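Worksheet for the structure shown next.
Derivation of every value follows stated rules applied to the coordinates shown; laboratory data play no part. None of these values were measured; they are calculated from a predicted model. Because the Cβ atoms are built from the backbone with ideal geometry, glycine has one as well, and the counts that use them run over all protein chains shown.
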């Protein structure tokens, strides 16, 4: 794929909520409605704060599915999970089209709770965010990591760091609801007992790891997981970024989960699998043997690619999470011959490097497609 050119083309064609026949492609984009039932589960454990319950966009929303053109109900799918603090699907359009074309499977772009179109529009509006921006500058000084892109999440995390956990719980329950609908044959695009594998990026990998460890209703037993720029233990992640959250918010988040989380958030029952799985992914020593054995037992159902210059989800954090032996056999460490970052692994804009970016994109997604095909 000519990635740098195709990225621009797809951004002009994609319209949220409008089914589209992509030009020069065998792929269509179609949309489905979803209404989250997880709010009731979060209410039972007092895990969601009142103002978040009133965010209607997070409860009822639409999501895109990339399918082969004119295809009937399919029996194979790939779930694509995105990164933290993202508000649109632009980065992932070429990713989804490539995976759909090369594997022949439908690709479901499902938004994490309070992300993408599951968040209010004013969380992305600089004019609406100006007051919050001014307040954070006044309280936190000249923090160069603060930006209009991250100020909404930074404020929410600073105010209530438990939101990271509660939104993750809602997302896991939403994924179980989605998988149930698909496997029972009630989804309009899929046959019953459809095989669903996962391509995850960044925090989407963290969510995927916890979801597969939890395995609600046994729905994820047969799912394969490919992680790109993801897979790290929480304590080794570095979320301070103008695209993710500011320095103050990240320090608050890290302090909370390393020190206060287990006392502040009690599991709903003795066998709360989501809590147990999340707890074991916070720092290397927590349930180390059990966690690393779990990933070892996945065998050839897990694979991934990490990048040498990824400062947000570093390779050593993946080693801590999965174990050195597992990482050596399942995770490929790459470096690219151009300037890149975790947030922007395939930068578009520098024409002199476009062929290098294209080649690196194709290398990554050829490996992912071969694994998920």
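Brief remarks follow.
- Within the chain, antiparallel bridges make up roughly 35 percent of the DSSP beta bridges whose residues both belong there.
- Highest-MSF residue in the chain out of 216, 50, 111 [GNM, Cα springs under 10 Å]: 50
- Sequence-separation-based contact order of the range 3-372, relative, with Cα cut under 8 Å and 6+ spacing, percent: 17
- Residues residue 184 and residue 273, FRET efficiency given R0 of 22 Å [Cβ-Cβ distance, rounded to 0.05]: 0.55
- Overall form of the range 101-149 per C-alpha gyration tensor (a/c, 1.5; a/b vs b/c): prolate
- Distance between the pseudo-spin-label points of residue 293 and residue 73 (7 Å out from Cα toward the beta carbon): 4.1 nm.
- Calculated P(r) tail over 35 Å for the chain, as whole % of Cα pairs: 20
- Take every Cα pair under 8 Å whose residues are at least 6 apart in sequence, average their separation, divide by the length of the range 93-168, and the relative contact order is 26 percent.
- Simple spin-label estimate for residue 31 and residue 142 in nanometres, 7 Å along Cα-Cβ: 4.4
- FRET efficiency for residue 21 and residue 338, using Cβ-Cβ distance with R0 set to 25 Å, rounded to 0.05: 0.15
- Over the range 69-222 - Rg/Rh using Cα atoms and the Kirkwood inverse-distance radius: 1.05
- Cα-based shape type of the range 221-342, given that a ≥ b ≥ c are square roots of the gyration tensor eigenvalues and the cut on a/c is 1.5: oblate
- Three-way shape label, the range 271-373, alpha-carbon gyration tensor, a/c 1.5: prolate
- Projecting label points 7 angstrom from Cα along Cα→Cβ for residue 352 and residue 222 puts them 5.2 nm apart.
- Among 12, 211, 248, residue whose mean-square fluctuation peaks in a GNM of the chain (springs only between Cα atoms under 10 Å): 12
- For the listed peptides 197-209, 347-359, a ranking on the average number of other beta carbons within 10 Å per residue, highest first, reads 197-209, 347-359.
- Gaussian network model of the chain, Cα within-10 Å springs - most flexible of 265, 318, 151: 265
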